[in-house]
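Student: Before anything else, here's the structure in question.
The values are calculated or read from the model by the stated rules, or taken from the named source; none is laboratory data. Please read all numbers here as calculations on a predicted model, not as lab measurements. Heads up, the Cβs are rebuilt from the backbone with ideal geometry, glycines too, and the neighbour counts pull from every protein chain shown. SASA here: full protein model, heavy atoms, side chains in, ligands and nucleic acids out. Shrake-Rupley method; radii C 1.70, N 1.55, O 1.52, S 1.80 Å.
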Amino acid sequence: SLFNIGTNYQIPQLFNAILIDLINERFGSFYSNCGRTLMILSEVAFNSRQNAAPAIGNERFNTILLQMHDISSSVSIKDLAAMNNLSVSRFSHLFTQTYGMSPHSYRMKIKIERAKYLLTENDRPVKEVAEMLGFEDAFYFSRMFKKYTGVSPQAFRNKID
């Protein structure tokens, strides 16, 4: 069964803080690590409600969802439709009916969530992050990022720092 909680930049940071405290055996870290663990659990609970796809039990789409979550895969919507012996329009209709958004929007949401993580975890240029996610045009990536998040990739990165 597939369970998607999305990508949240705070969760890895909280885990890292816990590990650093454990490695350095800091005095009083037990209580701060308990607090961090509760924050991780609350983030997971919140993200699972926000990002879990509805009707995930639809067997027809399980393989397709895995392919869509594989950012390195360059499989097109047309290819995904062919995997189920459906026309692109019928595939899009069924997918939208099942998940509440078009296949393109679903894939874009996954890429934007991955972009958020990449922008917070390294100092790579925005153009390089765009290329890593399969965007040939960094300007298009920036437009889509702003459309889905409300801020540009650079503004998002600056807000995190």
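Student: Based on this model, can you work out whether ALA130 counts as of a type in the set (A, V, I, L, M, F, W, C), farther than 22 Å from GLN13 by Cα and more than 18 Å from the chain's Cα centre (by Cα)?
Tutor: When the stated conditions are applied, ALA130 does not pass them.
Student: For the list (1) open to solvent by less than 80 Å² (accessible area, probe 1.4 Å); (2) within 26 Å of GLN13 (Cβ to Cβ), I need the number of the one condition that SER102 fails.
Tutor: (2)
Student: Give the residue that is farthest from ILE160 (Cα to Cα), with candidates limited to residues of the stretch 80-91 that are open to solvent by 30 Å² or more (accessible area, probe 1.4 Å) and at pLDDT 90 or above.
Tutor: SER87
The rows are residues; the columns are (1) touching a residue at least 60 places away in the same chain (Cβ under 8 Å); (2) in a loop (DSSP other than H, G, I, E, B); (3) surrounded by fewer than 19 Cβ atoms within 10 Å (Cβ to Cβ).
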residue: ILE71; (1), (2), (3): yes, yes, yes
residue: VAL75; (1), (2), (3): no, yes, yes
residue: ARG143; (1), (2), (3): no, no, yes
residue: GLN154; (1), (2), (3): no, no, yes
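Student: In addition: Please go through the stretch 108-141 and pick out each residue that is among the hydrophobic types (A, V, I, L, M, F, W, C) and not in a helix (DSSP H, G or I).
Tutor: Result: LEU133, PHE135.
Student: Continuing with this model, one more query. Taking ILE5, is it modelled with pLDDT under 75, in a loop (DSSP other than H, G, I, E, B) and either closer than 28 Å to ALA130 by Cβ or open to solvent by 80 Å² or more (accessible area, probe 1.4 Å) (or both)?
Tutor: Criteria met by ILE5.
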